[in-house]
Amino acid sequence: MANVKKRNTYVYVVVDTKNIKVGDIDANVDLSDNWGGSYTIPNDPESFSSKIGMGKNITWCAIVKDAKKNPKDTVTINKISRKSDNGGAKILKQISDPTLDQSGVVIGKAKNSKVVGEENYYIIIEVNGKDKYTIDPKMRMP
């Protein structure tokens with residue numbers, strides 16, 4: 001496996017747009033990353049913990065599951081933020097505002113110094129321009 005300290009991290013938020021609903025979010029959202037989805041249990045986004053190296057970027061991208069079968073469906077990231085009540089470690093020093101960028105990705109930048117522990121954060125996604133859902137993954141430095 002490549003050294004996470006030398007590469008940026010990419011997180012893929014794959015959403016089953018046809019089946020997602022309140023109360024059944026976990027079964028219809030899969031998170032993965034370019035590091036093999038550290039500590040991931042399928043259909044359990046809250047157990048997902050990405051690794052991010054010191055001073056490196058982390059990029060999130062929302063993807064429609066089975067996009068070829070559902071070409072009109074959309075998933076956008078409305079917000080990514082550290083949890084204020086139990087955020088844990090503070091790994092990111094900055095994060096882009098998804099409302100200012102039409103590319104569909106959100107980019108964060110890790111601090112240049114080692115941070116111990118996990119940062120708890122949330123992602124708010126919007127499905128088909130109307131329904132919003134919150135996902136609660138984590139990140140950590142190796």
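Annotations for the structure displayed:
- Among the residues of the range 89-128, those that are more than 23 Å from ASN43 (Cα to Cα) and of a type in the set (Gly, Ala, Ser) comprise ALA89, SER96, SER103, GLY108, ALA110, SER113, GLY117.
- At least 3 residues being of a type in the set (A, V, I, L, M, F, W, C) and over 19 Å from PRO142 (Cα atoms) is the threshold, and among the strands (runs of 3 or more DSSP E) wholly inside the range 15-98 those reaching it are 57-64, 75-82.
- Which numbered condition TRP35 fails, given (1) crowded, with 16+ Cβ neighbours inside 10 Å; (2) modelled with pLDDT of 90 or more; (3) of a type outside the set (Val, Ile, Thr): (2)
- Top-ranked residue in the range 122-138 [being more than 9 Å from the chain's Cα centre (by Cα) and part of a strand (DSSP E or B); ranked as surrounded by the most Cβ atoms within 10 Å (Cβ to Cβ)]: ILE125
The values are calculated or read from the model by the stated rules, or taken from the named source; none is laboratory data. Predicted model, so just to flag it, every value in this text is computed and none were measured. Using ideal geometry, Cβ is built from the backbone for each residue, glycine included, and neighbour counts are taken over all protein chains shown.
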